[in-house]
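The values are calculated or read from the model by the stated rules, or taken from the named source; none is laboratory data. Given the structure is predicted, the values throughout are model-derived calculations rather than measurements. Here the Cβ positions follow ideal geometry from the backbone for every residue, glycine too, while neighbour counts run over all protein chains shown.
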Amino acid sequence: MSDFSEELIKSTTEDDQGERCELSGTGMHFPWLQKHIETVATGGKKEKDFAQTTSACLSFIQEALLKHQWQQAAEYMHSYLQVLEDSDSCKRQAAPEIIWKLGSEILYYHPKSNVEAFNTFADRMKNIGVMNYLKISLQHALYLLHHGMLEDANRNLSQAETWRYGEKSSSQEVLINLIQAYNGLLQYYAWSKKKMELSQLGEWM
């Protein structure tokens, strides 16, 4: 099911972008979607305004999320990804965090999503939004913990713990401390569990 997450972070600069919007991995095909977005965003003008279009997509996504319309949110998300090419550097830099927050929520609740899809999306977003690497890693680990995948969560936190990019900011330091705390807690849990298993084994010998 990784195709689902791949489509969420797929480039939207393909030649047929204006003709169709498709999430192939989920069996969702929406030839009307792109035209609908352009019509709402630009009042039906042939030449769409980039900022208006991405703003409209974001509004549609937020509305769909509020109504728990996960499939519809995924449809609009596919078109919103063009914000990564925004000429406004501030919007372009802010885009990865917004995409992660929206995309992770969609993948968490979407009925066609699963752990593999979430993992693929998280790993790719760590590379796209390098400044958000630590935050994404921590949230990814919490997601894995929620699904009982302790070893994967521990491995994820260990990788994040050694990650460095540029000068350490105060916000990065807070995240690193949180990551170290969760990692330490998981290691203690693993040790405690192993100790209990050995203790029980000794009682039977």
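So, H78, is that one outside any helix (DSSP H, G or I), modelled with pLDDT of 75 or more and assigned by TED's automatic domain parsing to the domain that holds F118 or not? It would help to see each step written out before you state the result.
Details: outside any helix (DSSP H, G or I): no; modelled with pLDDT of 75 or more: yes; assigned by TED's automatic domain parsing to the domain that holds F118: yes.
Considered against the rule, which asks whether it is outside any helix (DSSP H, G or I), modelled with pLDDT of 75 or more and assigned by TED's automatic domain parsing to the domain that holds F118, H78 comes out as no.
Across segment 114-135, what is the number of residues that are under 12 Å from the mean Cα position of the chain (by Cα) and not in a helix (DSSP H, G or I)?
1
Which residues, counting only those in segment 58-113, are farther than 20 Å from K126 by Cβ and β-branched (V, I, T)?
Of everything in segment 58-113, just one residue is farther than 20 Å from K126 by Cβ and β-branched (V, I, T), namely I61.
Does segment 81-90 hold any residues that are part of a helix (DSSP H, G or I) and either without any contact (Cβ under 8 Å) to a residue 24 or more places away in the chain or exposed (fewer than 13 other Cβ atoms within 10 Å of the Cβ) (or both), and which are they?
Of the residues in segment 81-90, the ones part of a helix (DSSP H, G or I) are 81-85, 89-90.
Those that are part of a helix (DSSP H, G or I) and either without any contact (Cβ under 8 Å) to a residue 24 or more places away in the chain or exposed (fewer than 13 other Cβ atoms within 10 Å of the Cβ) (or both): S89, C90.
Would segment 185-204 turn up any residue that is in contact with a helix residue (DSSP H, G or I) (Cβ under 6 Å, 6 or more places away or on another chain), touching a residue at least 12 places away in the same chain (Cβ under 8 Å), crowded, with 17+ Cβ neighbours inside 10 Å and more than 28 Å from L58 (Cβ to Cβ)? Walk me through how you get there before you give the answer.
As a first pass, look at segment 185-204 and keep what is in contact with a helix residue (DSSP H, G or I) (Cβ under 6 Å, 6 or more places away or on another chain): 186.
This time we only want the ones that are touching a residue at least 12 places away in the same chain (Cβ under 8 Å), so: 186.
Subset that is crowded, with 17+ Cβ neighbours inside 10 Å: 186.
The next check asks that each one be more than 28 Å from L58 (Cβ to Cβ); those that pass are 186.
The answer is yes, given that some residue of segment 185-204 is in contact with a helix residue (DSSP H, G or I) (Cβ under 6 Å, 6 or more places away or on another chain), touching a residue at least 12 places away in the same chain (Cβ under 8 Å), crowded, with 17+ Cβ neighbours inside 10 Å and more than 28 Å from L58 (Cβ to Cβ).
Being in a helix (DSSP H, G or I), exposed (fewer than 15 other Cβ atoms within 10 Å of the Cβ) and of a type in the set (S, T, N, Q): is that true of N154 here? Before you say what the answer is, go through the steps one by one.
Working: in a helix (DSSP H, G or I): yes; exposed (fewer than 15 other Cβ atoms within 10 Å of the Cβ): no; of a type in the set (S, T, N, Q): yes.
No.
Within segment 26-36, can one find any residue that is at pLDDT 50 or above, in a helix (DSSP H, G or I) and under 21 Å from R124 (Cα atoms)?
no
Name the residues in segment 135-170 that are of a type in the set (S, T, N, Q) and either under 18 Å from K101 (Cα atoms) or at pLDDT 90 or above (or both), would you? Break it down into steps so the answer makes sense when it comes.
First, pick out the residues of segment 135-170 that are of a type in the set (S, T, N, Q): 137, 139, 154, 156, 158-159, 162, 169-170.
Correct list: S137, Q139, N154, N156, S158, Q159.
Just give me the residues in segment 48-70 being buried (at least 16 other Cβ atoms within 10 Å of the Cβ), in a helix (DSSP H, G or I) and either of a type outside the set (A, V, I, L, M, F, W, C) or touching a Cys at 6+ places or on another chain (Cβ under 7 Å) (or both), in sequence order.
If the condition is that a residue be buried (at least 16 other Cβ atoms within 10 Å of the Cβ), in a helix (DSSP H, G or I) and either of a type outside the set (A, V, I, L, M, F, W, C) or touching a Cys at 6+ places or on another chain (Cβ under 7 Å) (or both), then Q52, T53, T54 are the ones that fit.
Each row is one residue, and each column tells you yes or no for (1) among the aromatic types (F, W, Y); (2) at pLDDT below 95; (3) under 27 Å from L66 (Cβ atoms).
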| residue | (1), (2), (3) |
| --- | --- |
| S87 | no, yes, no |
| I98 | no, yes, yes |
| Y108 | yes, yes, yes |
| M125 | no, yes, yes |
| L178 | no, yes, no |
| G184 | no, yes, no |
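Just to be sure, is R164 assigned by TED's automatic domain parsing to the domain that holds A74, surrounded by fewer than 19 Cβ atoms within 10 Å (Cβ to Cβ) and basic (K, R)?
On the way: assigned by TED's automatic domain parsing to the domain that holds A74: no; surrounded by fewer than 19 Cβ atoms within 10 Å (Cβ to Cβ): yes; basic (K, R): yes.
Answer is no for this residue.
Go through A141, A160 for me and flag whichever is in contact with a Ser or Thr (Cβ under 6 Å, 6 or more places away or on another chain), of a type outside the set (D, E, K, R), in a helix (DSSP H, G or I) and over 24 Å from V83 (Cβ atoms).
On the way: A141 fails: in contact with a Ser or Thr (Cβ under 6 Å, 6 or more places away or on another chain).
Criteria check complete, one pass: A160.
Run down M131, M125, M149 and say which single residue is of a type outside the set (K, R), under 25 Å from A190 (Cα atoms) and either in contact (Cβ under 8 Å) with a residue 12 or more places away in the chain or surrounded by fewer than 16 Cβ atoms within 10 Å (Cβ to Cβ) (or both).
On the way: M131 fails: under 25 Å from A190 (Cα atoms); M125 fails: under 25 Å from A190 (Cα atoms).
One residue alone meets the criteria, M149.
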